[in-house]
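Values quoted throughout were computed directly from the atomic coordinates according to the rules given, and no laboratory measurement underlies them. Keep in mind that this is a model prediction, so the values were computed, not measured. In this analysis, Cβ positions are derived from the backbone assuming ideal geometry, glycine residues included, and neighbour counts consider all displayed protein chains.
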Amino acid sequence: MVAATRLDDPAVLFNTSGSTEAPKGVTHSHRTLQHSVRTVVGLYPELDSREHDIVGFLPLAHVAPVLLLIFTPLLSRLVVTYCRIEDYEDALRSVRATALLWPPRFYEKVAGELIARTQAWPRVRRYAYKGAIRVGRRMAECRWSSGHPSVLLRIAYTAALHCVFLPLRASVGLDRLRVAFTAAAAAPENVIALWQIWGLDLRERYGLTETAGCPVAHFDQAFPRPRYIGRKFPDPRFQVEVAHDGEMLARAPLLFREYWRNPEETDAVLRDGWFRTGDLIECAAHGEIRLIGRKKDVISTSGGKTINPQPIETRLKESSLISEAIVVGDARTCLTVLLEPSTQAKALTSTVLSDRLRAEFGRVNRDLARAQQLKDFRVLPRPLEAERGERTANGKIKRNAVVNSFATLIDEMYAGNDDTVIANHLRPRSH
């Protein structure tokens with residue numbers, strides 16, 4: 001059987017996450033898996049030059065954890081500890097991982113817990129932390145601008161790293177971490193920035209189930225600028241173009257073969273060797289590519305305006321008080337937003353939290369065009385849960401499910417609008 005197997009034969013069937021529609025089976029061949037793993041090891045050669053420990057807990061039905069936790073160790077020196085999701089904190093402290101792949105939500109959650117710890121420190125230690133953050137921010141800004149830090153800045157940052165940031169990270173078992181990715185969803189800029197200030201070279205890794213890896217990557221820069229997913233590969237086999245509507249088109253040896261028993265969907269996204277990713281991107285003058293959002297998430301208001309909600313949501317999540325933001329407004333007169341408070345926000349009284357969220361709401365609105373501005377917001381009464389179908393297994397928001405779960409809360413924000421008045425007028429009434 002092995003002798004009869006060809007490189008282009010189907011090797012594995014992955015599920016898409018199902019965040020915007022029903023999950024699809026994605027077929028990958030032995031060849032695409034080889035290319036994907038070799039690309040990972042090529043991007044991070046230290047995975048093969050020394051032994052690395054990684055803690056995994058994401059479901060193995062999806063492409064990223066399978067590639068990194070099962071296939072990559074075959075061609076590298078990666079040592080895997082796999083645990084249940086509820087045990088990952090204990091596993092981190094026990095293993096003290098040197099490599100990590102998490103969705104943004106987990107980096108955000110752990111960062112929130114660490115911030116809460118610093119706020120409980122004695123006064124002198126809090127002052128030391130604030131000073132270290134100022135130094136770390138200057139170092140990060142220098143890295144992002146490709147500048148050269150002064151000798152004094154390097155000395156000050158080394159002191160901040162070893163005296164403040166590494167001991168803080170050690171409290172959750174992340175002081176040895178050297179290779180860190182975030183994937184599966186767009187990461188808030190402030191989350192990546194904070195981890196980089198704390199000395200972690202956190203990189204946003206772009207990839208889809210259909211690409212089994214990354215057609216673009218941060219292959220030539222440590223501590224890359226947040227909000228960017230990398231550059232085009234110099235290898236001519238990896239091609240990325242931008243369609244007229246801003247959609248990323250990719251052509252690479254790691255593309256999938258087909259959707260399992262779904263030729264119509266396959267033909268809709270694979271044309272002449274090019275894959276229509278469904279992601280909207282911008283290419284900056286310095287060659288970096290910025291991910292804008294998903295085409296399927298675009299909102300069409302009743303006034304005919306087409307608005308991408310993800311940049312607005314990302315701006316809101318820059319606040320330390322907001323864990324998740326879900327902009328709604330499809331077929332409505334204007335946009336509103338549902339907010340999930342962060343761990344830090346839960347320590348505030350409801351009145352203080354409402355006032356501070358209102359200030360964040362105003363801050364974001366000031367920078368938005370009139371059609372993009374948010375009319376109102378509501379704080380979710382509970383966290384979004386995978387068990388209720390509001391998140392995928394790897395933490396992505398399922399927008400339609402959230403809208404259905406909190407339909408009453410959303411209707412409150414549109415009370416008095418013409419569309420709501422008409423809807424209420426037509427709603428059947430019991431006699």
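Listing for the model above:
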quantity: Shape call, the chain: gyration tensor on alpha carbons, a/c limit 1.5; calculated: oblate
quantity: Calculated FRET value between Glu385 and Leu153, using beta carbons and R₀ = 56 Å, to 0.05; calculated: 0.80
quantity: For Gly278, residues with placed amide H under 5 Å, excluding near neighbours; calculated: Met248
quantity: Dipole of segment 10-290, positive direction: furthest Cα of Pro23, Val242, Ala222, with charges on the beta-carbon; calculated: Ala222
quantity: Dipole of segment 10-290 [Lys/Arg +1, Asp/Glu -1 at C-beta], most positive-end residue of Ala268, Tyr88, Phe233; calculated: Tyr88
quantity: Distance from segment 241-291 to segment 60-130 (C-alpha centre basis), Å; calculated: 30
quantity: Rel. contact order, % - alpha carbon contacts under 8 angstrom, at least six apart, segment 1-81; calculated: 28
quantity: Only Lys, Arg (+1) and Asp, Glu (-1) charged, at Cβ; segment 173-274 dipole about Cα centre in debye; calculated: 460
quantity: The chain, dipole about Cα centre (Lys/Arg Cβ +1, Asp/Glu Cβ -1), debye to the nearest 20; calculated: 1280
quantity: Over segment 199-253, relative contact order from alpha-carbon pairs under 8 Å, at least 6 apart, %; calculated: 27
quantity: Helix-only mean residue ellipticity at 222 nm for the chain, each DSSP H run of n ≥ 4 adding -39500 (n - 2.57), per residue, nearest 500; calculated: -10000 deg cm²/dmol
quantity: Where labels lie 7 Å past Cα in the beta-carbon direction, separation of Ser146 and Asp272 in nm; calculated: 3.3
quantity: Cα convex hull of segment 178-260 - mean projected area over all directions, nm²; calculated: 6.6
quantity: Per-selection Kirkwood Rh - segment 298-426 (Cα, Å, 1 d.p.); calculated: 15.3
quantity: Dipole of segment 298-426 [Lys/Arg +1, Asp/Glu -1 at C-beta], most positive-end residue of Thr349, Gly303, Val364; calculated: Val364
quantity: Residue of Leu368, Leu100, Leu249 that the Gaussian network model of the chain assigns the largest fluctuation, springs spanning Cα pairs under 10 Å; calculated: Leu368
quantity: Whether segment 259-300 is rounded, prolate or oblate, judged on the alpha carbon gyration tensor where a/c under 1.5 counts as rounded; calculated: oblate
quantity: Within the chain, longest stretch clear of exposed GluC sites (Glu not before Pro) (DSSP loop, no more than 13 other Cβ within 10 Å); calculated: 52-384
quantity: Simple Cβ-charge dipole of segment 94-230, Lys/Arg +1 and Asp/Glu -1, about Cα centre, in debye nearest 20; calculated: 640
quantity: Mean Cα-pair separation over length for the chain, i.e. relative contact order, pairs under 8 Å, 6 or more apart, %; calculated: 14
